[in-house]
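Asks: Dropping a structure here in structure tokens format, bear with me for questions.
The values are calculated or read from the model by the stated rules, or taken from the named source; none is laboratory data. Since this is a predicted model, take the numbers as computed values, not measurements. Every residue, glycine as well, gets a Cβ built from its backbone with ideal geometry; the counts of neighbours run over all protein chains shown. Areas reflect the complete protein model, heavy atoms only, side chains present, ligands, DNA and RNA absent. Shrake-Rupley method; radii C 1.70, N 1.55, O 1.52, S 1.80 Å.
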Amino acid sequence: MLIRVIDGRWEVLMVKLIELQNLSEKYGTQFYVYDSNKLVAQYVKLKEIMKSHLEDFQISYAFKANYMPALCSTLRDLGAGAEVCNAVEYTIAKTVGFKYSKIIYNGPLKDRGDVEELLIFGGIVNVDSKRELDEVIIPILRKFPSKSISVGLRCNLDTMKGKMSRFGIVISDDFVEYLKDITIKYPNLKIKSLHCHVKGRQLQDWNEKIIAIVDIYWLIKSKCSISVESINFGGGFPIENWTLSDSIVASIRKTIEKLGNQYPKVIIEPGAELSANSMRLAAKIQDVKMIRERKIACVNISRYQLSPMHWERDLNYKILTQSNMVSFESFDIVGNTCLENDYIVKNHKGHLEVGDYIIVEDVGSYALTLKPAFGTLNIPVLDCSDSKNVSIVKRQECIDDIIKTYY
């Protein structure tokens, strides 16, 4: 089997090359290995931290990181909500069984039919602009005058240290006056949540974000007599550092409890933080050659399938070799595309042969959702969470999957 626990840590157990070779014969020479146990452990730990500081909170998984149904279903069973930002993610959330009341719809442009459906059945839509209120939400209010429609405001915060975010609404005095007018005109409109999402994972970054969104809470309450039910702090939660995570949640509690005894529910939207290390990729070395002074080993994957958002990031990887040779050779392990910069690993130290395997860790975020049909077909995902059985949760893509969409 591929996975075991050593001293509380999930490790690769591939001491016999034959195990990988057997899997390769059935599933191909490259595949993802998914481990839901890691996902569950991290979610449970995060929930414990939230619960230690907050009475009312929601962890809503950001589908954009990895919307694989098997992964999303596991989080649904644990009680997570779903944060979606397009029609694909919204449809998957419904398909795997998330209740409407547990779905939050973000994004600058949304499918109008999806928005209406979600609002009618009790979900939250975070509006991203005044235009969206005027042209999407208000027509729904008019269409269903007796139906309570709950929306959130995605707030553009000035906490980016000179880097402007392109998302959300600047909550100015003029906008607050507009908000007051439409809530009076349309009494079925409920401003249920304030949402923010800015970069920065350190405690100082979070403190600035917390203070900024609470200031907006007070502004809307004082000008419009609206007390929102929840404050949504978006993603960027540093799950890789539990001490820092605990400090951030403690800081959230310390600040929002000043809002009174009935302070708002707290929502966070971790995505990559939960899913990244639930998957690894195994790929067989297919070719080894010498080009001038460089030794090159080629695998039938591309960098797109590993860290498509961070091409310059050093990957965490292991090599499973069939050789006992002790060597100080230097190899570049490269992908299969005709892009000069498609390097998996530069300057690997050690001997490599055709038939060896590279195991790349932490590929559970964006590798599936951002992988284009370029150079390589999408590879299968094998669920190895069960110590006795390997199951396939995503099949190998075939060429027909691509060409049948063309005329």
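Asks: With every protein chain kept in the model, how would you rank ASP314, ASP383 by accessible area, 1.4 Å probe, largest at the top? List each step's numbers first, then the result.
Replies: Numbers: ASP314 140, ASP383 30 Å².
Correct descending sequence by accessible area is ASP314, ASP383.
Asks: Exactly which trypsin sites (Lys or Arg not before Pro) in segment 325-406 are in a DSSP loop and have at most 14 other Cβ atoms within 10 Å?
Replies: Answer in residue order: LYS388, ARG395, LYS404.
Asks: Could you tell me the largest-minus-smallest coordinate of the C-alpha atoms of segment 52-128 on each of the three principal axes, in descending order and whole angstroms?
Replies: Principal-axis extents of the Cα atoms in segment 52-128, largest first: 38, 28, 21 Å.
Asks: Based on Cβ point charges of +1 for Lys and Arg and -1 for Asp and Glu, what charge dipole magnitude is obtained for the chain about its Cα centre, in debye rounded to the nearest 20? Could you put the intermediate results ahead of the total?
Replies: Details: 53 positive and 50 negative charges, 119 e Å.
In debye, rounded to 20, the chain gives about 580.
Asks: So, one more: Using heavy-atom solvent-accessible surface (probe 1.4 Å) with all chains present, what is the largest-first order of ILE184, ILE402, ILE291, ILE268?
Replies: Result of the area sort, largest leading: ILE184, ILE291, ILE402, ILE268.
Asks: Just to be sure I follow: if Rg is taken over the C-alpha atoms of segment 293-375 and Rh is the Kirkwood radius over the same atoms, what is Rg/Rh?
Replies: 0.97
Asks: Turning to a different aspect of this structure: Could you report segment 273-372's accessible area per residue, 1.4 Å probe, as an integer in Å²?
Replies: 48
Asks: Let me ask something additional. Quick check for me: using +1 on Lys/Arg Cβ and -1 on Asp/Glu Cβ, what's the dipole size of segment 288-407 about its Cα centre, in debye to the nearest 20?
Replies: Values: 14 positive and 16 negative charges, 20 e Å.
Using only the charged Cβ atoms, the result is roughly 100 debye.
Asks: A further question follows. Could you name the lysines in cross-link range of LYS346, using Cα to Cα under 25 Å and dropping any fewer than eight places away on the same chain?
Replies: LYS284, LYS289, LYS295, LYS318, LYS371
Asks: Among CYS398, ILE184, SER36, whose Cα projects farthest towards the positive end of the dipole of the chain, with charges put on the beta-carbon of Lys, Arg (+1) and Asp, Glu (-1)?
Replies: About the Cα centre, the residue reaching furthest to the positive side is ILE184.
Asks: Evaluate E = 1/(1 + (r/R0)^6) for GLN21 and GLN202, where r is the Cβ-Cβ distance and R0 equals 35 Å; express this FRET efficiency to the nearest 0.05.
Replies: Between GLN21 and GLN202 the formula returns 0.20.
Asks: List the GluC sites (Glu not before Pro) within segment 308-385 that DSSP assigns to loop and that have no more than 13 neighbouring Cβ atoms inside 10 Å.
Replies: GLU312, GLU329, GLU340, GLU353
Asks: Sort segment 332-403 into rounded, prolate or oblate with this rule: let a ≥ b ≥ c be the square roots of the eigenvalues of the Cα gyration tensor; rounded if a/c is under 1.5, and if a/c is not under 1.5, prolate when a/b is larger than b/c, oblate otherwise.
Replies: oblate
Asks: Sticking with this structure for a sec: Using a 1.4 Å probe over the heavy atoms of the protein chains, calculate the carbon and sulfur portion of the accessible area of segment 258-339 as a whole percent.
Replies: Its accessible area is 48 percent carbon and sulfur atoms.
Asks: Quick check: pseudo-label points 7 Å beyond the Cα along Cα→Cβ at LEU244 and LYS346, how many nm apart are they?
Replies: With each label point 7 Å from Cα toward Cβ, the separation is 2.5 nm.
Asks: Given a 1.4 angstrom probe, what's the average accessible area per residue across segment 86-184, in square angstrom?
Replies: 49
Asks: Can you check what the net charge comes to around ALA62, using other residues whose Cβ is under 11 Å from the Cβ of ALA62 (Lys, Arg +1; Asp, Glu -1)?
Replies: So the surrounding residues net to -3.
Asks: Next question. Taking a virtual spin label 7 Å from the Cα of LYS289 along the C-beta vector, which residues in segment 310-331 bring their backbone nitrogen under 19 Å of it?
Replies: 330-331
Asks: Additional query: For segment 62-220, with equal point scatterers placed on the C-alpha atoms only and solvent neglected, what are the log10 I(q)/I(0) values from the Debye formula at q = 0.17, 0.18, 0.19, 0.21 1/Å, to two decimals?
Replies: After summing over all Cα pairs, the log10 values are -1.07, -1.16, -1.25, -1.37.
Asks: Work out the FRET efficiency for GLN262 and ARG395 from their Cβ-Cβ distance, taking R0 = 45 Å, and round it to the nearest 0.05.
Replies: Here the calculated transfer efficiency is 0.35.
Asks: P(r) for segment 199-286, please, calculated from all Cα pair distances in 10 Å bins and given in %.
Replies: Reading the bins upward from 0: 15, 41, 24, 11, 5, 3, 1.
Asks: List the equivalent ellipsoid semi-axes of segment 24-76 in whole Å, largest first, each obtained as the square root of 5λ for an eigenvalue λ of the Cα gyration tensor. Intermediate results must be reported in sequence, preceding the final value.
Replies: Numbers: eigenvalues 187, 29, 11 Å².
Calculated on Cα positions only, the semi-axes equal 31, 12, 7 Å.
Asks: Expected output is a single nm value to one decimal: the length gained when fully extending between TYR178 and LEU377, i.e. 0.36 nm times separation in residues minus the C-alpha distance. What is it?
Replies: Contour length minus the Cα-Cα distance gives 66.7 nm.
Asks: Put +1 on the Cβ of every Lys and Arg and -1 on every Asp and Glu Cβ in segment 54-149; which of ALA62, ILE140, ASN106 then has its Cα farthest towards the positive end of the dipole?
Replies: ILE140
Asks: Largest first, what is the accessible-area ranking of ARG166, ARG313, ARG154, ARG112 with a 1.4 Å probe?
Replies: On the way: ARG166 175, ARG313 105, ARG154 25, ARG112 125 Å².
Putting ARG166, ARG313, ARG154, ARG112 in descending order of accessible area: ARG166, ARG112, ARG313, ARG154.
Asks: Rounding to the nearest 20 debye, state how big the charge dipole of segment 189-320 is about its Cα centre with +1 on each Lys and Arg Cβ and -1 on each Asp and Glu Cβ.
Replies: Values: 20 positive and 13 negative charges, 65 e Å.
Charge dipole of segment 189-320: 320 debye, to the nearest 20.
Asks: Ok, one more. Write down the radius of gyration of segment 134-200 and its Dmax, each obtained from C-alpha positions, in Å.
Replies: Final numbers for Rg and Dmax: 14.0, 44 Å.
Asks: For segment 29-133, what % of the accessible area comes from carbon and sulfur atoms, probe 1.4 Å?
Replies: Result for segment 29-133: 55 percent of the exposed heavy-atom area is carbon or sulfur.
Asks: For segment 89-94, take each phi angle, set θ = phi - 60°, evaluate the Karplus expression 6.51 cos²θ - 1.76 cosθ + 1.60, and give the result in whole Hz per residue in order, putting x for glycine and proline.
Replies: Coupling constants for segment 89-94: 5, 4, 5, 5, 4, 5 Hz.
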